[in-house]
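The values are calculated or read from the model by the stated rules, or taken from the named source; none is laboratory data. All figures in this text were calculated on a predicted structure; none of them were measured in a lab. Counting neighbours? That spans all protein chains shown, and the Cβs are built from the backbone with ideal geometry, glycine included. SASA here: full protein model, heavy atoms, side chains in, ligands and nucleic acids out. Shrake-Rupley method; radii C 1.70, N 1.55, O 1.52, S 1.80 Å.
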Amino acid sequence: MGATGPHFSDAELRCRGTNCSADGTRSCGVNGCQQALVDALEAFRALVGQPVLIDSAYRCEKHNAQAGGVGKSEHVEGLAADIRVDGMTAAQLETVARRIPAIRGIGRADHQQYVHIDVRSTRTLASWCYSPDGKWCSYYPPMAEAA
């Protein structure tokens, strides 16, 4: 079993892929999340002061491929989560994520109002955005920052 925290359960963090179990009929249900990710999620929750909803955290390789994830995805390593918070925009979520030193990867999806966060081991922050069709696109600043 992978890491959990006071505000993040095994059920929220485990693989939710369809048909990725050994027999191909259901999710494998594995929680492969690393403690560093859960610690970053707890820090994020403390800053926003409300529940953080996990759309996707750990993904087995089969689920990651089904989701269109990159081959060396931090999700497969248990180092990433796609999150949202009710009432917050993706740009607001990104601003919070940038305040947490352990978060080294941030992908913002303005059209779906979520962010990908990860605790990769690089020194520099990687940031990117997702287009409306869910594909990676170059980073762009939130509208308030662009003005």
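Results, tabulated for the structure shown:
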read-out	value
Accessible-area ranking of H7, H75, largest first, probe 1.4 Å	H7, H75
Using alpha-carbon coordinates, inclination of helix 35-48 to the longest axis of the chain, degrees	40
Debye, to nearest 20: dipole size of the chain, +1 on Lys, Arg Cβ, -1 on Asp, Glu Cβ	220
Shape category assigned to the range 43-147 from the gyration tensor of Cα positions, a/c cut at 1.5	rounded
Average accessible surface area per residue within the chain, 1.4 Å rolling probe, Å²	52
Reference-scaled alpha-carbon Rg (2.2 N^0.38 Å with N residues) for the range 61-110	1.26
